[in-house]
Amino acid sequence: MGERHDPNNHDFSDIMELRQRRLSDEQTGRYTAYLAEIFTALGLDLDTPATRETPELHLQALIDITAGYDGDPKLIKSFDTECRQGSDCLLSQVVEGPIPVFSLCEHHALPFFGYAYVGYIPHEHILGISKLTRLVRLYAMRFAVQERIGRQIADTMTTILQPHGVAVYLEAHHLCMEMRGVRDKAPTTRTTHWRGNYENDAALRTEFFTVCGVAR
């Protein structure tokens, strides 16, 4: 019999694609100057009480809203499953959502925002409920694309928990379409990702959407 998988005793930093970021004072000053030059060229008057600190504040804001690259030390906390080999162990879902999503499109560095719904069918372990929100934020708080966020969540859940299945549904508005380009304010972009039992069981997928309160 193989060794029992325990997520609490593993280092999953590699699959999370973390990038520890440390800006020196010299880098911070240089990047702030670059931003000041860009803002000025685009028409912003930086010589007012409201705007003198804008380049510095903007740089710090970018660091803050891409903090997903730095990881989350409180992310991994699992517990033994509550299923005791009953007939529903391959069907019972844990679903969390709506989880707010805020991210920066890597194409235009403009925000997209919406909600994520994450479901899974536990095997040996369950994840603390707050950890699902932390996992979504880990990948959303980066320069990203919506499709990748969903894939990363599904793959990380699969690797950490080795569950019977994982389902991820995201819906978002993209300001790169609403503030520029076609300037279309209506569409919501929706993406789904399925792993394990969800891939081949349409009834499970339907139940997931029903529990999420998502009309199909």
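The values are calculated or read from the model by the stated rules, or taken from the named source; none is laboratory data. Keep in mind the model is a prediction, meaning the values are calculated, not measured. Please note: Cβ atoms are built from the backbone with ideal geometry, for glycine as well, and neighbour counts cover all protein chains shown. The accessibility values were calculated without ligands, DNA or RNA, using every heavy atom of the protein model including side chains. Shrake-Rupley method; radii C 1.70, N 1.55, O 1.52, S 1.80 Å.
Table for the structure above
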| item | result |
| --- | --- |
| Amide H within-cut-off set for Cys105, under 5 Å, with H built and near neighbours excluded | Leu110, Phe112, Ala144 |
| Cα-projected label distance for Val145 with Ala203, points at 7 Å along beta-carbon direction, nm | 3.6 nm |
| Structure-derived Cα Rg over 2.2 N^0.38 Å - corresponding label in (i) 1.17; (ii) 1.21; (iii) 0.94 | (ii) |
| Long-range HN-HN contacts of Gly196 with modeled amide H, under 5 Å | Val166 |
| 5 angstrom amide H check on Asp201, placed H, neighbours 5+ away | none |
| Rounded percent of accessible protein surface that carbon and sulfur make up, the chain, 1.4 Å probe | 53 percent |
| J(HN,Hα) series, the stretch 17-22, from Karplus relation 6.51 cos²θ - 1.76 cosθ + 1.60, nearest Hz, glycine and proline x | 6, 7, 9, 5, 10, 9 |
| For the stretch 109-216, accessible area per residue (1.4 Å probe, heavy atoms of protein chains only), Å² | 44 Å² |
| For the stretch 63-68, 3J(HN,Hα) per residue [Karplus equation, 6.51 cos²θ - 1.76 cosθ + 1.60, θ = phi - 60°, Hz, x = Gly/Pro] | 5, 5, 7, 10, 5, x |
| In nm, spacing of pseudo-spin labels at Glu37 and Asp64 (7 Å Cα→C-beta vector) | 2.7 nm |
| Low-density loop cleavage sites - chymotrypsin sites (Phe, Trp or Tyr not before Pro) in the stretch 101-166, where at most 16 other Cβ are within 10 Å (DSSP) | none |
| From phi via Karplus (6.51, -1.76, 1.60), per-residue ³J(HN,Hα) for the stretch 143-155 in Hz, x at Gly/Pro | 6, 8, 10, 4, 4, 5, 4, x, 5, 5, 4, 5, 5 |
| Estimated FRET transfer efficiency (Phe102, Gln27; beta-carbon r; R0 22 Å; 0.05) | 0.30 |
| Hypothetical label at Val182: residues of the stretch 107-145 whose amide nitrogen lies under 11 Å (7 Å Cα-Cβ projection) | none |
| Length-normalised contact order for the stretch 148-216 - Cα pairs under 8 Å, 6+ apart - percent | 32 percent |
| Taking the chain and dividing mean pair separation by its residue count, relative contact order in percent (alpha carbons under 8 Å, at least six apart) | 19 percent |
| Proximal charge balance of Leu170 [Cβ under 12 Å; K/R count +1, D/E count -1] | +1 |
| Ser92 accessible area, assembled protein chains, probe 1.4 Å, Å² | 50 Å² |
| Heavy-atom accessible area order for Val214, Val182, largest first, 1.4 Å probe | Val182, Val214 |
